[in-house]
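Here the structure comes first, spelled out in structure tokens, and everything after it is commentary.
No lab work stands behind these numbers, since they all come straight from the coordinates. Please read these numbers as outputs of a predicted model, since none were measured by experiment. A quick note on method: Cβ atoms are made from the backbone with ideal geometry, for glycine too, and the neighbour counts reach across all protein chains shown.
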Amino acid sequence: MLALALQGIGGMNSFAAGVLQTLRNEGVKPDLISATSGAILSAYHFLQKDPNAIGKHYDEYFKSEENGIPTFFKFMQYAYMGIPEKFSPNYLNIFERLPDNWPFSRLEEWINFCFPNKIYKSEFPQQFFDDIANFFSTNEEVGIIMNAYNVNNDQAVLYVNERALDTMELNKSENFEVKPITPDGVRACLQLLQYGDFKGEYDGAYQYNPVLSPLVVADEIILVTVGPLGKSLDPIDNIFDIEDFKLKMLFKNALYAELNDISRINKLIEYGNKLVRPESANKPYKEYKPIKVQTIQPTIHRGFFEYFVETREFYQDGVFQAKKFIDDSLNK
């Protein structure tokens, strides 16, 4: 059984897209996909009948965005003006927010108005979320796992289709709340913290990016990351370097913890230990088997000012690294 685990966030999503398009071209067919944040959209295109759906989507995107504006200025443009049909800064919607705080009788109301919890407003149409939810929930060949984070109970929320539910092995002691995929679930998983939430659920990238532990049923996991692992960042010289550092550490800490857990399982099995787990509440115990984890990671470091900006260069790096991964696998 093969599983794909896809990290995603902001302007780093194009790397996973390049990887997935290459894997699709090479005929790689996963049994499970765990996708977080923006990687959910790439997984959606990856599973379409059109084998070139990802490439076509990004070709259109790059044609509209490659206008000669340097990344730094494009970042500022997006941050202050938004991206049409995707998101807009909340300060542009000042009159929409006014009734929620009027008549400013308390200091808290002034603060909420001047510094709203939703820094950006999502502009995606409802049909966007409906289409993704319907496509994933009706897919009978590939198990789909998307994750959000519930701030009310400090739990990860796994939105899964029936195929994933039948394949995964989760029990109540784990820190997961499992739900069927719905349009609101897609909205919760895709939207950044700055966009607000759905009933207390936020983009899961801030907790697990991506979720790995439900994939231990697989024989092999291909992990696609948004940044290089095992590589230190550039020297921290200013506040933007600090923000870059915080972002990268946020996405690496939980990932390293889950990778260490898988490594520990493999070591115990290697040393002759028999490890078992319940398949479910009504099924007998099943023996753990070694899990092979391979990583496809970018060679390009992207920083704070590239948070919103997806580039053709990063997409092509995904294509190149995926081809290298496949060539290396064939030569072993």
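On a per residue basis, the convex hull of the C-alpha atoms belonging to region 2-64 measures out at 72 Å³.
Tally Lys/Arg at +1 and Asp/Glu at -1 over every other residue whose Cβ is under 13 Å from the Cβ of Gln7; what's the total? Overall, the nearby charge balance is +1. Between the beta carbons of Lys274 and Asp166, assuming R0 = 35 Å, the FRET efficiency works out to 0.85 to the nearest 0.05. Take each peptide in 4-15, 199-210, count the other Cβ atoms within 10 Å of every residue, and average; sorted highest first, the result is 4-15, 199-210.
Could you order the peptides 35-46, 317-328 from most to least packed, using the average number of other C-beta atoms within 10 Å per residue?
35-46, 317-328
So if we plug the beta-carbon distance of Lys267 and Ile94 into 1/(1 + (r/R0)^6) with R0 = 56 Å, what FRET efficiency do we get, rounded to 0.05?
On the way: r = 57 Å, r/R0 = 1.01.
So, using R0 = 56 Å, E works out to roughly 0.50.
Between Glu26 and Tyr288, the FRET efficiency from the beta-carbon distance, with R0 = 25 Å, is close to 0.25.
Please give the residues of region 140-156, grouped as numeric ranges, whose backbone N is less than 15 Å from a label point set 7 Å along the Cα-to-Cβ vector of Asn175. Label zone hits: 148-156. Here region 314-328 is scanned for amide nitrogen atoms under 17 Å from the site 7 Å beyond the Cα of Glu220 along Cα-to-Cβ, giving 321-328. Per residue, the convex hull spanned by the Cα atoms of region 287-332 amounts to 115 cubic angstrom.
Across region 122-191, the volume of the C-alpha convex hull divided among the residues equals 73 Å³ per residue.
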